[in-house]
Structures are given as structure tokens and as C-alpha cells.
Amino acid sequence: FGDGSFTGKGLYHVDAFEAALKNRIDENTILSHDLLEGALSRAALVTDVELVEDYPTRYSVDASRHHRWARGDWQLLGYIFDPRGVPALSRWKMVDNLRRSVTPIFWVLACVAGWTLLPFTQAAQWQALMILSLFMAPTFDIVNGILPKSGDQTPRGHFSALARDTVFGTALVALKVLLMAHLAWMMGDAIIRTIYRLFVSRQNLLEWRTASQAAKGGNDLGAYYGMMYGAVIIGVVGLAIPVLADSTGAFVAFFFAIFWI
């Protein structure tokens with residue numbers, strides 16, 4: 001498309017940046033600004049600069065960051081429906097970010113629907129299909145890596161790397177399933193919180209919890225239960241619904257309730 005995305009790491013030409021964005025973004029309304037800034041002021045590619053950024057080493061810190069990102073993505077609703085100079089491709093990227101944030105919610109809802117409406121065998125098949133859907137992204141990466149990218153790599157080294165990628169992708173999907181209930185709760189909280197602040201309270205739109213602040217929280221089991229209580233609620237409710245509906249799919253729900261509780 002001849003258009004890239006500014007991801008928040010780069011060099012600013014301050015005067016040009018301010019001129020491009022002047023009077024185009026309301027004060028104190030935008031939390032996740034990278035995509036919007038890049039869409040309005042455009043970005044150039046630099047290939048001879050290396051930027052290094054720390055990645056969170058604790059789930060609580062990473063979850064706090066994703067919660068903030070989701071809130072920022074939903075704050076861009078106004079630019080999706082009223083472009084104000086934002087190109088169509090950039091608005092599509094904004095919509096895709098919203099799609100990404102609601103995916104865990106609909107994944108959990110689809111699972112609960114399967115447990116409730118389907119008998120055991122079909123519920124198990126439906127659940128297997130739901131889990132397989134999570135393998136799409138890792139599978140693309142693995143397929144892309146089947147053919148060697150360099151002639152310097154030995155066949156043994158290539159297939160060893162491919163095996164590691166396969167194991168890593170499988171572990172990533174397993175971890176995502178274990179955390180899906182919390183992801184769904186967290187994204188739901190971010191979406192509802194943002195919509196309320198956008199259209200009702202008009203306050204705390206720039207609420208920001210830094211990585212260092214998030215890291216100050218406890219790192220024991222009790223602290224994580226305090227942070228992830230939403231997963232417990234979803235696990236209990238997700239099991240209770242098929243049980244109350246007298247569905248044999250509740251046996252499938254039981255295993256996921258154990259993981260999520």
C-alpha cells in the first residue's frame with residue numbers, strides 16, 4: 001500500500017510534527033497516539049538505526065500494558081467515524097485493533113455457547129475447533145519458515161530451528177488458552193471503561209500506569225488472584241451456565257473452569 005505504521009519508536013522533526021498535527025487532535029483526549037500521529041504526520045523508514053526496548057518479565061506488567069493499549073485504541077472511535085484527515089488505510093488499522101481487543105471476549109462467549117447448547121461429543125469437537133483457531137498465527141509463521149531463508153544454514157540447523165518454532169507456537173497457544181478468561185475480562189473492562197469515559201464522564205482519559213508502577217505490585221499467588229479475579233468469575237459462570245442448562249457439555253466446561261479458576 002506504500003504506507004507504513006509509526007509504532008512509537010523513532011525520531012521527530014519537532015517543527016514539522018507540530019505543524020502537521022496543529023489543531024487536529026483535541027487536548028487530553030488521546031492515550032494511544034502512535035497510529036494516529038503517524039497517520040496525520042506520516043512516517044519515514046529508517047533502516048540504519050537500532051532501537052532496543054525492554055519487554056515485561058512479569059504477566060501483571062504485560063497485562064497492565066495491554067489494558068492501556070486497548071483503552072487507547074477505543075479512544076480513537078471518533079477518528080474512525082469522523083476521519084478528520086485520517087486516511088482510510090489508517091482507519092482500517094484502527095478497526096483491526098478494535099477487532100483484536102474483542103477477540104478474547106467472543107472466543108470465551110463462543111466456548112460457553114458450545115458447552116451450553118451442544119451435547120458432550122459435539123461440545124468437545126467445537127472446543128477443539130476453537131483451540132485450533134488459535135493456531136492460525138503460529139502456523140503461518142511455521143509455514144513461512146519451512147523453506148530456508150539463507151543458504152548458509154545446514155539442514156540440521158534449519159529443521160532444529162523449525163522444531164523449536166513449532167514447540168514455541170504450541171506452548172504459546174496453550175498459555176493463551178489458560179489466560180483467555182482473564183484476557184476477556186481485561187478487554188471487557190478496558191472497552192466499557194473507555195466508552196464510559198468518552199461519552200459520559202469525560203475524565204481520566206489519559207490514565208497511565210507505567211511499567212515501573214505495575215511492577216511494584218506483589219508477585220505471589222495472592223497478588224495474582226487479586227489482579228485476575230475476573231478469570232475466576234468467568235470460570236465459575238462459564239461452568240454454571242451449562243450445568244444449570246442440564247447440558248452434557250458441562251463436562252468440557254469443567255476442565256476449562258479448573259484452568260481459569
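I'd like the orientation of helix 59-74 relative to the chain: the angle between its Cα long axis and the longest Cα principal axis, in ° from 0 to 90, rounded to 10. Helix 59-74 sits roughly 60 degrees off the main axis of the chain.
All other residues with a Cβ under 13 Å from the Cβ of His182 taken together, and with Lys, Arg as +1 and Asp, Glu as -1, what is their net charge?
-1
Ranking Phe256, Val86, Gly218 by Cα position along the charge dipole of region 58-260, where only Lys, Arg, Asp and Glu carry charges on their C-beta atoms, puts Val86 farthest toward the positive end.
Give me the net charge for the shell around Ala43: Cβ to Cβ below 13 angstrom, other residues only, Lys and Arg +1, Asp and Glu -1. My count for the surroundings of Ala43 gives 0. Farthest toward the positive end of the dipole of the chain, out of Val200, Val61, Met136, is the Cα of Val200, where the dipole comes from beta carbon charges about the Cα centre. Based on the Cβ-Cβ distance of Phe81 and Asp15, what FRET efficiency does E = 1/(1 + (r/R0)^6) give at R0 = 22 Å, to the nearest 0.05? E(calc), rounded to 0.05, equals 0.10.
Might you report the magnitude of the Cβ-based charge dipole of region 3-110 about its Cα centre, with Lys and Arg at +1 and Asp and Glu at -1, to the nearest 20 debye? Spell out each step's value before the answer.
Values: 13 positive and 15 negative charges, 91 e Å.
Rounded to the nearest 20 debye, it is 440 debye.
Could you order peptides 203-216, 182-195, 53-66 by the average number of other Cβ atoms within 10 Å of their residues, highest first?
Going from most to least packed, we get 182-195, 53-66, 203-216.
In order along region 127-141, the phi-based Karplus estimate (6.51 cos²θ - 1.76 cosθ + 1.60, θ = phi - 60°) of 3J(HN,Hα) comes to 5, 4, 5, 5, 5, 4, 4, 6, 7, 4, 5, x, 5, 4, 5 Hz; Gly and Pro are listed as x.
If you take all other residues with their beta carbon under 14 Å from the beta carbon of Gln153, and give Lys and Arg +1 and Asp and Glu -1, the sum is +1.
Using the Cα gyration tensor of region 218-258, with a ≥ b ≥ c the square roots of its eigenvalues, what is the shape: rounded (a/c below 1.5), prolate (a/b larger than b/c) or oblate (neither)?
prolate
Quick check: from the Cα gyration tensor, does the chain come out rounded (a/c under 1.5), prolate or oblate? Verdict is oblate for the chain. A Cβ-based charge dipole, computed about the Cα centre of the chain with Lys and Arg at +1 and Asp and Glu at -1, lands at about 340 debye.
Where a number appears in this text, it was derived from the coordinates with a stated rule and is not lab data. Keep in mind the model is a prediction, meaning the values are calculated, not measured. Note: ideal-geometry Cβ built from the backbone for every residue, glycine included; neighbour counts use all protein chains shown.
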